[in-house]
């Protein structure tokens, strides 16, 4: 294949604007798949992606297309749209020279459209705006073109107008890709090998499989390669591309993207974003820039429901983290839940998806503890500690000040929902910054908010208030001082560390009250009373009591002196007191799940 006939491109868009559907139509139009093989979301290989209708993992596929009597090789990378998977998008863009910016004609420019566009601009990509869903009765093509021009600063006057659902005008998109996206720059087979590893996954039978974009040189079977940064050596067992079926090739040439099967079995030796070269050139070649490593924003404890599956959970996290390098984890243990892991995520959807993947793909049911963020604690000796687990919080006598991470939140919504949204964001300790009016349909409400306030149910609440019309984007802006306290929960005077959390002092009582009421419903009754207490420092701020089972010890008495009855009740009382001192409450596993679901 001539280098000038290769095009590497990604599809970027807001969630649900039709990326995966457009990818399906491109595969169908170019006859990469037959009509019998085609199904919705061809490039979404996980059941979870198809069920939820979202893309979680990037996917790379090679397509051949004939145009003006020449064969072109189109390397398409499908990307996620949700804010939690921005890291996947950044990796796709690092392996591309251009991007299709897909905008829904019924919704116009949305927050993730803007965020993903900035990522593409950072990577110096050629942007092709494409307007989708033109056959919908709510489509407003003129307004969408204006928004692309005014909000994004991109001329959309000649943007292809398509329906990814029906396949209308798909050929225009392919012609735009060929005419507007440049071929790979400096792609020369004769130069020393330089390849960017932009994805990887673990196969139980074949070991680690890498996805590589070849910037220069080539890769063939049996070649001996090395990673420039991690210094790991590997042997190439096989090379190929997805069409979307796996197709083995003799070699991958400069400018192409494809996969290589390696002899590596240890997942930890792989570093996504590293540069591959031949062993003889490892000291001569400079590493490619790769991309910024992602920083986890939300942390949760993951514990296996069955303690015997601890090892299996570690292997599952190992394998998932190979293809999702935004995931971080370390070992921890809890008195209540045993051995587990503290896992870092990019957001709540990310947490939910990882938990579901572990349960589906590895058959390991998991308990996830209350999500928390990283707090910055300045101690009285002026040392600074970063704490992600409430259990590690120092005693208040050693704390000089606590700072919490803040985010800049932009909520995009039609005007008629703004009042209720403002009220809700204020209840979450939001600090008003600005209101930008783009059009009647799209206003942008900008607030500064503590990250801890949006990791729970913020996304669902915004959708509920706006009847599904609003969406939001956020970016971290640093730390601010907060009046925060550690809220602990005691059951029968024993602290349950899995329920501990850091909260704003003003909201502490309300949260404590809801939690103790929920625990009262869940904690199993015993033969003695159980006190459930919410505590800040040594002070109890909320309490509920689980009443004891009461055996009727006087039931067989049928008369006589009342003192006999009193004597028996007093004896029962002493027995219960003794039982309380030696008895301990064992919480069933589902109690943790039920409490952690409490909003």
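Bear in mind that the values in this text are calculations on the coordinates, not laboratory data. Note that this is a predicted model, so its numbers are computed, not measured. All Cβ positions, even for glycine, are placed from backbone atoms using ideal geometry, and neighbour counts span all protein chains on display.
Taking 0.36 nm per intervening residue step and subtracting the Cα-Cα distance, what contour gain separates residue 64 from residue 203 on full extension?
Here the answer is 47.3 nm.
Which residues does the label zone of residue 168 cover in the stretch 132-149, counting backbone N under 19 Å from a point 7 Å along Cα→Cβ?
132-146
How high is the relative contact order of the stretch 298-368, given as a whole-number percent (alpha carbon pairs under 8 Å, six or more residues apart)?
This gives 46 percent for the stretch 298-368.
Evaluate E = 1/(1 + (r/R0)^6) for residue 539 and residue 494, where r is the Cβ-Cβ distance and R0 equals 22 Å; express this FRET efficiency to the nearest 0.05.
0.80
By count of other Cβ within 10 Å, fewest leading, how are 504, 124 ordered?
Listed from fewest to most nearby Cβ atoms, that is 124, 504.
Starting from the Cα gyration tensor of the stretch 339-471, take the square roots of the eigenvalues, sort them a ≥ b ≥ c, and report rounded, prolate or oblate (rounded when a/c is under 1.5, otherwise prolate if a/b is larger than b/c, else oblate).
oblate
Students often check this: by mean Cβ neighbours within 10 Å, which of 476-482, 311-317 ranks highest, and how do the rest follow?
Per-residue mean Cβ counts within 10 Å order the peptides as 311-317, 476-482.
Can you sort 189, 104, 497 by how many other beta carbons sit within 10 Å, fewest first?
189, 497, 104
Under the definition of Cα pairs under 8 Å and six or more residues apart, what whole-number percent is the relative contact order of the stretch 194-281?
Across the stretch 194-281, relative contact order equals 38 percent.
At a 10 angstrom cut-off on C-beta neighbours, averaged per residue, how do the peptides 133-140, 300-307 rank from highest to lowest?
300-307, 133-140
Want the number for residue 314 to residue 29: 0.36 nm per residue separation, take away the alpha-carbon distance, what's left?
98.3 nm
Would you work out if the stretch 311-371 is rounded, prolate or oblate? Take a ≥ b ≥ c from the square roots of the eigenvalues of the alpha-carbon gyration tensor; rounded if a/c is under 1.5, else prolate when a/b is larger than b/c, oblate otherwise.
Note, shape of the stretch 311-371 comes out rounded.
For the stretch 190-306, restrict the atom set to alpha-carbon positions and state the Rg and Dmax in Å.
In order Rg, Dmax, the Cα atoms of the stretch 190-306 give 15.4, 55 Å.
Take every Cα pair under 8 Å in the stretch 375-481 that's 6+ residues apart, average their separations, divide by the length, and report that relative contact order as a whole percent.
Normalised by residue count, the contact order of the stretch 375-481 is 33 percent.
Extending each Cα 7 Å along its Cβ direction at residue 138 and residue 250, get the distance between those two points in nm, one decimal.
5.4
For a quick check: sort 374, 237 by the number of other beta carbons within 10 angstrom, fewest at the front.
237, 374
Which order do the peptides 205-211, 423-429 take when ranked by the mean count of other beta-carbon atoms within 10 Å per residue, highest first?
Per-residue mean Cβ counts within 10 Å order the peptides as 205-211, 423-429.
At a temperature of 4 °C and a viscosity of 1.567 mPa s, determine how fast the stretch 426-540 diffuses translationally according to Stokes-Einstein, using the Kirkwood radius over alpha-carbon pairs as Rh; express D in µm²/s, rounded to the nearest whole number.
Using the Kirkwood radius from Cα pairs, D works out to 76 µm²/s.
For the modelled label position 7 Å from the Cα of residue 238 along Cα-to-Cβ, which residues of the stretch 197-218 have backbone nitrogen atoms closer than 11 Å?
Answer for the stretch 197-218: 205-207.
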